[in-house]
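Laboratory data are not the source of any read-out in this text; all were calculated from the coordinates shown. This is a predicted model, so every value here is computed, not measured. Cβ sites come from the backbone with ideal geometry, for glycine too, and all protein chains shown count toward neighbours.
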Amino acid sequence: MKKVTTIAIIAGAAAIVPAYFLVRKLLDKKKSPKTITTTWPAFKEIKAAGSKAANQQTAARIDPEQLKTILPAEVHPAPKADQEKNAYPGLIAPNGRILYNFKDENNLIFCDETQLGKRLIQLENSINIRDIGGYTGMDGRKIKWRKVIRSEELAHLSDKDVSYFAALRLKHVFDFRNKSKAERQVDRLPKTAEYHLLPIFSGDDMGLDHKDFTQPGMVDAFMRRIYKLQTEDRAQRFAEVLKYLTEPSESPILYHCTNGKDRTGFMTYLILSILGVKEGVILSDYTLTNLTFDESYNLLGNIMSEELGIENYHLWEFYGVKPDWLKTSMNYVNTHFGNVETYLMEKTDLREKDFKKIRDNLLAK
């Protein structure tokens, strides 16, 4: 029997089973610890490609032919016990269904300012933690590094990982998960950081009672609804984070949901827009989550399929991001308000003076 609450967990919009829980479950199955931590050496060639793209001043994207050797379309082989279940050559599922390619040129976009070497924060027990610095904002000014960090949940961090954030003197952590999830899987934080729980969704928001995710297109439709909901009805929650960016003494900050892609992706869109970053660059930053698709899928996929009683390939699209999902938010903002600043002034208690302070604090002189 399908479990509605577990489906909500996967979505990244309510309460996804966190990486720490999955790590413990995998360890119970006697997996090697190497299979549950981020395989950062595998990103070396990806970083090199990102650096090459950064040197191509006229090219907004890496040639898809280049990506074939460093970003294979297939799922990376899982440990032996799960290899047959996870390996879908040519992105074809066992039932013949064509699986969405999160790593083609339309879904993994590098721009001139991607700078993966600086952007990816490589910790021991993390997959998707990134700095949003380095992009060109208003008046050609660059966003300062190590002031704003977007992240997955932090319950699984090692002592060394926590020490990294202590050395950074992280001031505030904003958690977009719901209260029950945040209380069950508590963030590991340095003493320097103040914790803020800002739930974006509740279980009642999901409307999952009759969702059948074995049907093609169901996950995509669900995710579009999530973006619509958080854009139209949750602006004030995101505005609470922006208020802290008006004070120079209150950074660095970090914000996160569970996988660090949907709620976190929308928050990043708002910040980068206020700072004057072009939408194409914002979409590029958003798609960098797809660098971690294999890790996310191989950690979550098999366990979720066991929980739900359906094959893991039906849940495939929960583990990456599509540019069209964020465009759902962008189109709403642009169509109804013209820009992010007007959207926030009409939907929240922020004002133009707040946006000016944010720019003064986060953009280099």
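Observations on the structure shown:
- Check: the range 95-254 dipole with +1 on Lys, Arg Cβ and -1 on Asp, Glu Cβ, in debye: 380 debye
- Eigen-decomposition of the gyration tensor built on the alpha-carbon atoms of the range 287-354 gives equivalent ellipsoid semi-axes of 36, 12, 12 angstrom, largest listed first.
- Candidates P323, T292, C257 compared by Cα position along the dipole of the range 226-349: farthest toward the positive end lies P323, with charges placed on Cβ.
- Shape descriptor for the range 94-207: Rg over Rh equals 1.04 (Cα atoms; Rh from the Kirkwood inverse mean 1/r).
- Percentage of interatomic Cα-Cα distances in the range 127-182 larger than 16 Å: 54 percent
- Surface/4 of the Cα convex hull for the range 207-365, nm²: 10.5 nm²
- Restricting the calculation to alpha carbons of the range 156-269 gives Rg and Dmax of 16.0, 50 angstrom.
- Stretched out straight at 0.36 nm per residue, the stretch from Y195 to D139 would grow longer than its current Cα-Cα span by 16.8 nm.
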